[in-house]
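Below: one structure, written as structure tokens.
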Amino acid sequence: MYEAHFGLSESPFGITPDTSFFFACASYQEALNTLLLAAQNGEGFIKVTGEVGTGKTLLCRKFLGGLDESFVTAYIPNPYLEPRTLLLALADELQIPLDKDVDQHHLLKQLNLALLRHAEEGRRVLVCLDEAQAMPQESLEALRLLTNLETEKRKLLQVVLFGQPELNVKLQQEQLRQINQRITFHYNLSPLSRDELDYYLAHRLGVAGHRGGPLFESGAVRYLHRASGGVPRLVNILAHKALLLAYGEGRQNVVARQVRAAAIDTPASRRIPRWVWRFGV
């Protein structure tokens, strides 16, 4: 729509997780390094939390893409599944052949045999669960029991939980204390700082093909940070709308007025106190 007008080859602010747009600011690079180190060390449970829109799914995909061929991985984007269905989903991800009406005993037996086979052949099995705060308590416990299988040196199944802060609250429950005790690495994603936002915008625009000067004036960036709170998903929504408005006016850059209009049009931004709008133009 506006790509050619601004010299772009693609849309720079989509909200679909795309690892080519991964921005390695301090917080996100540290989180990625923590995940890779924990995976290499063979830790059983790893947890990453962050507010809605802070980029957990994108980080997960970047992490999975950074693992070497010694890892066999499974990704379950919606773990709101009862225990048996969760185990079936894991078996499907690991391409374990099962009988159509397999019972619970043989399901667990096939999973255990597959994990042992991968270990014997020098491979590590790692499963990532997105939106883990939605997992039923019984499913978390089933997953824990599956991770009990181990050799003398390491666990046969590593689990990475990605979730909103509600996951921390859930894991504090008495019934889940065994899982909570097994989480050896934890990282909490933070929103972008004001300084990081400048680099974030430049990075995404650069990946999208922009080669000129800044498209967002400093006042527009200031508004953008206040209206979004530095949350990447909200930044993308507001930046996209602001570019549309600038394009509609025939401008070659974005000013604060256009970001303000985009924020007013975005329900998630209406939580910003009204005094914020006294700044800028």
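Checking the conditions here, which among Gly163, Gly122 is within 20 Å of the chain's Cα centre (by Cα) and either closer than 27 Å to Glu51 by Cβ or of a type outside the set (Ser, Thr, Tyr) (or both)?
So the residue among Gly163, Gly122 that is within 20 Å of the chain's Cα centre (by Cα) and either closer than 27 Å to Glu51 by Cβ or of a type outside the set (Ser, Thr, Tyr) (or both) is Gly163.
In the stretch 106-139, how many residues are in contact (Cβ under 8 Å) with a residue 40 or more places away in the chain and touching a strand residue (DSSP E or B) at 6+ places or on another chain (Cβ under 6 Å)?
Residues that pass the stated criteria total 11.
Pull up the stretch 153-168, narrow it to residues that are at pLDDT below 95 and exposed (fewer than 15 other Cβ atoms within 10 Å of the Cβ), then point me to the one that is farthest from Leu58 (Cα to Cα).
Lys153
Of everything in the stretch 38-61, what is under 24 Å from Thr147 (Cβ atoms), part of a helix (DSSP H, G or I) and in contact (Cβ under 8 Å) with a residue 24 or more places away in the chain? Give them in sequence order. Spell out how you get there, then give the answer.
Our first condition is that a residue be under 24 Å from Thr147 (Cβ atoms); within the stretch 38-61, this holds for 38-50, 56-57, 59-61.
Checking which are part of a helix (DSSP H, G or I) leaves us with 38-41, 56-57, 59-61.
Of everything in the stretch 38-61, those that are under 24 Å from Thr147 (Cβ atoms), part of a helix (DSSP H, G or I) and in contact (Cβ under 8 Å) with a residue 24 or more places away in the chain turn out to be Ala38, Ala39, Lys56, Thr57, Leu59, Cys60, Arg61.
Quick test of your reading of the structure: Leu67 fulfils all but one of (1) over 25 Å from Glu166 (Cβ atoms); (2) within 20 Å of the chain's Cα centre (by Cα); (3) at pLDDT below 95. Name the failing condition by number.
(3)
If a residue has to be under 19 Å from Tyr2 (Cα atoms), buried (at least 22 other Cβ atoms within 10 Å of the Cβ) and at pLDDT below 95 to count, how many in the stretch 188-246 make the cut?
Qualifying residue count for the region: 0.
The values are calculated or read from the model by the stated rules, or taken from the named source; none is laboratory data. Quantities reported herein were computed from a predicted structural model and do not represent experimental measurements. With ideal geometry, Cβ positions are generated from the backbone for all residues, glycine too; neighbour counts draw on all protein chains shown.
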